[in-house]
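Worksheet for the structure shown next.
The values are calculated or read from the model by the stated rules, or taken from the named source; none is laboratory data. Since this is a predicted model, take the numbers as computed values, not measurements. Reconstructed Cβ throughout: ideal geometry from the backbone, glycine too, with neighbour counts over all protein chains shown. Just the protein is used for accessible areas: all its heavy atoms, side chains included, with ligands, DNA and RNA removed. Shrake-Rupley method; radii C 1.70, N 1.55, O 1.52, S 1.80 Å.
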Amino acid sequence: MEAQTEDLNPAHVARLQYDTALPFLGGFKESPGMAEWLFQPERVTKVTLPVRMDDGRVEVFHGYRVLHSSVRGPGKGGIRFFPEVDEDEVIALATWMTWKCALVDIPFGGAKGGVKCDTRLLSRREKAAITRRFTTELGENIGPHTDIPAPDMYTDAQTMAWIYDTYTMLHPGENTTPIVTGKPIDLGGSPGRETATARGGFFVARRLLELEVIPDMTTLEDATVAIQGFGNAGVNAAHFFSGAGATVIAVSDRGGGILAPEGLNVAEVAHHKRDTGSVVDFPGVKTLEPGELLETQCDILVPAAVENEITLENADRIDAHMVLELANGPTTPGADRILFEKGITVVPDILANAGGVVVSYFEWTQNLQNRQWNEHEVDERLEEKIVRATDAVVTKRAALSGSLDRHQEEWAELEPDAPPLLEPDYRTAAYVVAVGRVANTLNDRGIFP
Ligand code: NAD
């Protein structure tokens, strides 16, 4: 039998997710042009960056910044430094930011940026040079009230400090602190930003268990957790889950994976990674082959690395109760359906990893007011936002399931040749909440319908 193939272009994946939600969105059904406009990015900026390397050569890097939507506020989204960065990936990531910000109800649109480079091959000086050149080339495409970057893969508080410093030199006399979030604390960063993505994901998981909507799972106590990616999102998730009584049994990074069925000492593994650059060769554990981590039997599987990790190829072998997407786009639409049919709950990225942008919003707010909240204040407000968004998604999914027949009838009238609508999963419910909010904003502004 021929293996099924699927389109792994992240921009196409983002489109498919959007199209799956559209039949459930009242006003859009009659206004395909507006639905089309809302999906298209508002602005795609491509820059080439000549950078002098440590050996004296000049190397050219390619950078992207996409403003997907400014309907609900200035663009917001991270910048990643990664070899696989390309225009379509950045477009998809910016699109997901629009829906994410709307879902957690913060006054931002969506944006994202990236530079195609391998930070493993760069010195600190070279990284700073790329960052400063990128900031300069982006010019007025970023700004505290237009498009506000943050960290993502292989960028961190130091990278944000270089962006801030460069931007500030170009804009003397202005309060430029809100140009980026995820800054070091003494440059106006917010307490709690570093751990916010994982903390938000942890709050979502805890809330779903409280609501008793995860089949065959009610508590974090003694739950087993496997985490792919041991960077900012992954390592902090490991700390939060083990702190709540769960057992982290497997983790992985670009170098490979490790498994200890009785549980890993998270602090020691994190130490080992800091010392050696990878989790592999941690003493006394089993080494995992590439891809094996995702198929580890566990209660909560946390993809916290890159896109397209759970696909048609391996979805059937996923053996978890919950997939908590701390990464952006780790599950393909084909895999989504297989997991749904297996009774595995996929907590979609736009909800699961929204904690980072929520605290980025808090940082931006503090910067505009020249104030600093304490960590307790930040965490409390984060939990409130995350719980509200989680509840909205759970309620929406129940409502959509209950009205599937009506949506089916209305959709069949508009699109007689379309295949029947499928029972909506949490991703579709999250999209319906998020896209609906953006559409309502357009409506309030008199642009839609
Ligand atoms: P990071 O650079 O801190 O860490 C990335 C980790 O992923 C590293 O441990 C790396 O070794 C690992 N990795 C990369 N490719 C891998 C692979 N093929 N298999 C296993 N591990 C692999 O990045 P991060 O900030 O933790 O981001 C991770 C994911 O979380 C990304 O998808 C990012 O978009 C998403 N995310 C991050 C934030 C944030 O605030 N940092 C917010 C929302 C979403």
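Of note:
- Order of exposure, largest accessible area first, which applies to Leu404, Leu170, Leu339, Leu211 with probe 1.4 Å: Leu170, Leu211, Leu404, Leu339
- Per residue, the accessible area of the chain comes to 41 Å², computed with a 1.4 Å probe over protein heavy atoms only.
- A 1.4 Å probe, protein heavy atoms only, puts the accessible area of Asp319 near 70 Å².
- Global geometry of region 1-146, whether rounded, prolate or oblate, following the gyration tensor of its Cα atoms and the 1.5 cut on a/c: oblate
- Within-12-Å neighbourhood charge of Gly109 [Cβ basis; K, R +1; D, E -1]: +4
- Residue-level accessible surface for Asp147, protein heavy atoms, 1.4 Å, Å²: 0 Å²
- Largest first, the residues Arg80, Arg437 sort by 1.4 Å accessible area into Arg437, Arg80.
- Vicinal HN-Hα couplings computed from phi for region 79-89 (Karplus, 6.51 cos²θ - 1.76 cosθ + 1.60; Hz; Gly/Pro x): 10, 10, 10, 7, x, 8, 4, 8, 4, 5, 5
- Local electrostatic count, Ala327, Cβ distance below 12 Å [Lys/Arg +1, Asp/Glu -1]: -4
- Calculated [222 nm] ellipticity per residue, helices only, for the chain: -14000 deg cm²/dmol; basis is -39500 (n - 2.57) per DSSP H run with n ≥ 4, divided by all residues, nearest 500.
- Eigenvalues of the alpha-carbon gyration tensor of region 249-355, scaled by 5 and square-rooted, set the equivalent ellipsoid semi-axes at 25, 15, 12 angstrom, largest first.
- Values of log10 I(q)/I(0), in the order q = 0.15, 0.19 Å⁻¹, for region 335-449 under a Debye, Cα-only, solvent-free model: -0.86, -1.13
- Potential lengthening of the chain between Leu16 and Thr276 amounts to 89.6 nm, from the contour at 0.36 nm per residue minus the alpha-carbon distance.
- Counted over the chain, the DSSP beta bridges are approximately 50% antiparallel.
- Reach of Lys46 by Cα under 18 Å, taken over lysines that are not fewer than 8 positions away in the same chain: Lys76, Lys112, Lys116
- Its residue count N sets the reference 2.2 N^0.38 Å, and the alpha-carbon radius of gyration of the chain equals 0.95 times that reference.
- Virtual spin-label span in nm between Glu268 and Glu137, 7 Å along Cα→Cβ: 4.6 nm
- Largest accessible area first, the listed residues Thr247, Thr287 line up as Thr287, Thr247 when surface is computed with a 1.4 Å probe on the assembled protein chains.
- Debye log10 I(q)/I(0) for region 114-233, one point scatterer per Cα, at q = 0.10, 0.21, 0.22 Å⁻¹: -0.44, -1.17, -1.26
- Sulfur and carbon atoms: percent of accessible area, the chain [1.4 Å]: 50 percent
- Restricting region 121-204 to trypsin sites (Lys or Arg not before Pro) that sit in a DSSP loop and have at most 12 other Cβ atoms within 10 Å of their own Cβ leaves nothing.
- Multiplying the residue separation of His62 and Glu84 by 0.36 nm and subtracting their alpha-carbon distance yields 6.8 nm.
- Label point distance in nm, Asn443-Thr218, each placed 7 Å from Cα along Cα→Cβ: 4.0 nm
- Accessible area (Å², 1.4 Å probe, nearest 10) - His12: 90 Å²
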